[in-house]
1. Tell me the distances, shortest first, between residue A:460 and the same position across the other copies, using label points 7 Å along Cα→Cβ, in nm to one decimal.
2. Run the reach check for residue A:47 against aspartates and glutamates, Cα to Cα strictly under 16 Å, same-chain hits fewer than 8 apart removed. What comes back?
3. So, with +1 on the Cβ of K and R and -1 on the Cβ of D and E, and no other charges, what is the size of the charge dipole of chain A about its Cα centre, to the nearest 20 debye?
4. Test of understanding: ordering A:285, A:592, B:241, B:66 by Cβ neighbours within 10 Å, fewest first, what list do you get?
5. What does the average come to when, for each residue of peptide A:335-344, you count the partner chain Cβ atoms lying within 10 Å of its Cβ?
6. Give me the aspartates and glutamates in straight-line cross-link reach of residue A:452: C-alpha distance below 16 Å, same-chain residues under 8 apart excluded.
7. For A:588-597, what's the mean count of beta carbons from other chains sitting within 10 Å of each residue's beta carbon?
8. How many angstrom separate the Cα center of the range A:151-181 from the Cα center of the range A:509-579?
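Derivation of every value follows stated rules applied to the coordinates shown; laboratory data play no part. These figures come from a predicted structure and were not determined experimentally. Heads up, the Cβs are rebuilt from the backbone with ideal geometry, glycines too, and the neighbour counts pull from every protein chain shown.
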Number of protein chains: 2
Amino acid sequence: MCGIVGVTGRQDAVEVLLHGLEKLEYRGYDSAGIYVNDLQGQDYLIKEQGKIAKLREKITSDVHGDAGIGHTRWATHGVPSEDNAHPHVSENGRFYLVHNGVIGNFAQLKAEYLSDVNFVSATDTEVIVQLVAYFAEKEGLDTLAAFKKVLSVVDHSSSYAFVLMDKTQPNTLFVAKNKSPLLVGVGPEFNVVCSDAMAVLNITHDFIELTDGDVVVITPQEVAIQDKNGEAVTRKHFTVDIDASASEKGAYEHYMLKEIDEQPAVMRALQQVYLNADGTVEIDDEMLTAIKNSERIYVVAAGTSYHAGLVGRELFEKIAQVPTEVHVASEFAYNPPLLAEKPFFIFLSQSGETADSREVLKRVNEWNYPSLTITNVPNSTLSREASYTMLLHAGPEIAVASTKAYTAQVAVEAILAKAIGQMKGLQKAIEFDLKKELTLVANAMQIMVDEKYNMEMLADEYLKTTRNAFYIGRGIDYDVAIEAALKLKEISYIQTEGFASGELKHGTIALIEEGTPVIAIITNELTAAHTRSNVQEVIARGANVIRIVMDSLSQDQDQIVIPEVHPLLTPLVSIIPAQLLAYYASKNRGYDVDKPRNLAKSVTVE
Amino acid sequence: MCGIVGVTGRQDAVEVLLHGLEKLEYRGYDSAGIYVNDLQGQDYLIKEQGKIAKLREKITSDVHGDAGIGHTRWATHGVPSEDNAHPHVSENGRFYLVHNGVIGNFAQLKAEYLSDVNFVSATDTEVIVQLVAYFAEKEGLDTLAAFKKVLSVVDHSSSYAFVLMDKTQPNTLFVAKNKSPLLVGVGPEFNVVCSDAMAVLNITHDFIELTDGDVVVITPQEVAIQDKNGEAVTRKHFTVDIDASASEKGAYEHYMLKEIDEQPAVMRALQQVYLNADGTVEIDDEMLTAIKNSERIYVVAAGTSYHAGLVGRELFEKIAQVPTEVHVASEFAYNPPLLAEKPFFIFLSQSGETADSREVLKRVNEWNYPSLTITNVPNSTLSREASYTMLLHAGPEIAVASTKAYTAQVAVEAILAKAIGQMKGLQKAIEFDLKKELTLVANAMQIMVDEKYNMEMLADEYLKTTRNAFYIGRGIDYDVAIEAALKLKEISYIQTEGFASGELKHGTIALIEEGTPVIAIITNELTAAHTRSNVQEVIARGANVIRIVMDSLSQDQDQIVIPEVHPLLTPLVSIIPAQLLAYYASKNRGYDVDKPRNLAKSVTVE
């Protein structure tokens, strides 16, 4: 969360920063700000609570500079406000700092060194910039030395990407990175720094990846990197060739709707990338061997990716016959289960930057276990640090509520499951004709996305004013139910819980009252009758029920009927009406669909 | 759910039925009814929506009989109403039936045989009683033959405990049982039948257990049992020696408060039962050997017991070094994971009657795997059918919201974990001094239950009007958070979710707004700082935070400080403030604490 951008050597620095922040807005949008200066010593600090558009309005035409830093915030310490917005400035007005991450010992540092300083914010970041000023003044250090001194007193558990500017040294960015993502972008006579390449793809495609512990001094002509031991080093360059326009929403009112609509195309793209003409799967043999030689798969993820992992368990167990556990990343990191002797780890992360997952991957690497990251972002941290990577090929996902990344994750898991099963010579895997099945899925998805009008009506009828809602299902439908519930709650703020149908009566059914919406997902023949019984139980208590049912199991009064697909691939289709119900519920209620309150797309703090 | 009682050979039949229903009210209380008749052919059918007290009011002094049936309902098909209440009667007024369970093919049976019949209710049960009349009339069968004919057309997946009366054959009860619990109680010149021995402990302690498929004809003098093949059989008698008065609430306003208060005493009782003077654990060696020889423990449970199972996983993995999975019973039954080659199953169920768990146990027995039931009720179905039983010794738990059964389950799991570890010679288990630790726990519990006033104030301040709430924690505190959330929501109807602290930001934090109560549980040194960071995140978004913190980790502003206990036993203590907050929130909001709407204590349908 929080997005950072910095630039030096561009006369249009203000526009570079604002454009970058707009592209980074998915990372947080509580408040934002920029600081710019020029070689004549003129400078400007402008901050605003709320979204980037409000910041842009506030910036008058006289604001200019050749270099600057910008920040869009997702609050960790202190409420969203102009005071708490970045950049933060030292009391003497000399140093300006933007920060993404969390400083563990900020309160101690403040107490130890800065008892004489007047603070204007409640943030951990202001402590850091005041501390730079303190070491520069009290110990007579130059800026780089003062900055490094500060880094040396920050405790080990802290995470940060810092970009510091010194008013007396215009055109220079002082950068440090630990755990939080940060890239340097290189251009002719200018350089930039950013949390995500997306921010600056309009001016460069040439990037340098930084490593934890790096400290960097950037001018228009030079990127000077020191590693954590203070040695000058060079880091490798890489090219990001995503088309900048792929992240535009075109004629769509919201990114989320565009991304929902793109799902059939993503299914086809994945077929192209991973499947051979004969329907067999083409994946790195070395990785498959590593999985085949392991006893148990551990899937580690958070949020929507965790829900995709739950579906993955069904696929890995039923198609590839590998016992699989799925763990919430933030829980696994500090309380791992007893592991099998030969585990294989799979990390799911749309952004590839999820801090909770990365914390686990660091441990997995220390233990020397093999790992795979399934992500949408090449060269992301989790991709670089895992043994293997599989890409989602979903194109940039901008809406905070994940849609196409979820279905892409499930499809890639299905592909992987088939590949493992194929290598193990399992009949079920060999017969699992993904070429055909994913084509059926893409067609079924298309039918569902074309039912927008129906979903809009249902959202209007059932979800317009309710305070709460439930999704229920059994087996794989339960896995979808909890993802569907998250989708609805994160953008419509209706408190929604996903429940195993059979578990509802063990307590939670107390919450069902006259008019409570309950949405049942029914795609499994074996349990359809049981789930319908549970539906009767909630109807008896006054619930308004929507049924999402696979064609062959459907009955007259079912409102949403999904076309028949392979029983293990139903999540790819049954989630779509849920995505659309969430979308229209949020829109109907007048919320910002793409940027729900309190959230950030890429969660880079623990 | 649903409670049944039947009696024959008692002039006080009406009182026997009403007393029985009052004792069974925990099984459902949407509506209730009785049917009685005498040898002179006079009969009465009285039904009422709502609780038993309302039914009792409605029964005038002229209502009498020597035999009868009674029922308290938890709705599965059809809303709670007088029409849908049991007993149901055939159109010709001859047959009367009470039923606990669900008939899978009732709609088909109705369509096939009963198109000419006028139905007064929406229940599956009425179909059955009309069908008895249909076969008796159309095929000229006697009552027993017509009843057995009906049982033969009911589909395999159905569950039932039926008690049927025929007006023309007073003093005779026709009984059938499949999956749903039913016991026969025996007396001098009278017999009774009931869902739970508790119902009739005031008149007999001598019981006969029935087996699935049994059909029984009961008169004052005789209990004639036929098994599923129609063979006359005898079933074994057993004595229930629970003191009937242990289920009285005495001076307490509610059972729940009494049961919360009993928890320190339950801890001491468990020490007495399971621990030797030297602190070693005394448990069946054969069972321990079976667990020691297994590769993996599978805990299967529902609701609160499932949450106790999550704590059990920590204990079995950390103390006994046995990899452990915990599964929701209703999910496992129809979608089991890939099992280890040598699994050991543990079933947790307060009542020992949970239908979802029983469905799994039936499969486990078919697979021939060893199993243990941990339950509060000796001779309950899950106890009888598992290889081994450990009892909770918690005394009858009457409030629907489970409290002392939860802590007793956790304590028994700790005892079992030590016993396994002890047998395996693990140092950590040998050093785990449960004698000392459970004494510390009992003392800490006592301190917490004595803080009622503080909890009442906090409930008043934070939970009086809110529409939603969250509990958060990490590791073992997360396990407690979801149980704490269930407690609050099931009796106060505040929609409460328990969340892994680190997972909240991956979507659900969107629901936090000004004034949302968030209750954080912090007992683990390793993750305390991380959870406090997550607390800062929700405070920054306006949440009202209550912190439940273990003494050594507590800070000035923490509202609830729990005494120091063993890090793996903190759930036994940290749950108590949560139980009390739930209790007072429900009471403050004016609800029936002991009998929340829609719920039943013993869930005997799937």
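1. 4.8
2. Filter leaves A:15, A:22, A:25, A:30, A:57, A:62, A:82, A:83, A:126.
3. On the way: 53 positive and 82 negative charges, 133 e Å.
Dipole size: approximately 640 debye.
4. Details: A:285 11, A:592 14, B:241 8, B:66 20.
Taking fewest neighbouring Cβ atoms as first place, the list is B:241, A:285, A:592, B:66.
5. Other-chain Cβ atoms within 10 Å of each residue's Cβ, averaged: 3.
6. Straight-line reach from residue A:452, under 16 Å: A:253, A:259, A:261, A:262, A:460, A:461.
7. Values: counts 0, 0, 0, 1, 0, 0, 0, 0, 4, 6.
Across A:588-597, the average partner-chain Cβ count within 10 Å equals 1.
8. Using only Cα atoms, the two centres lie 51 Å from each other.
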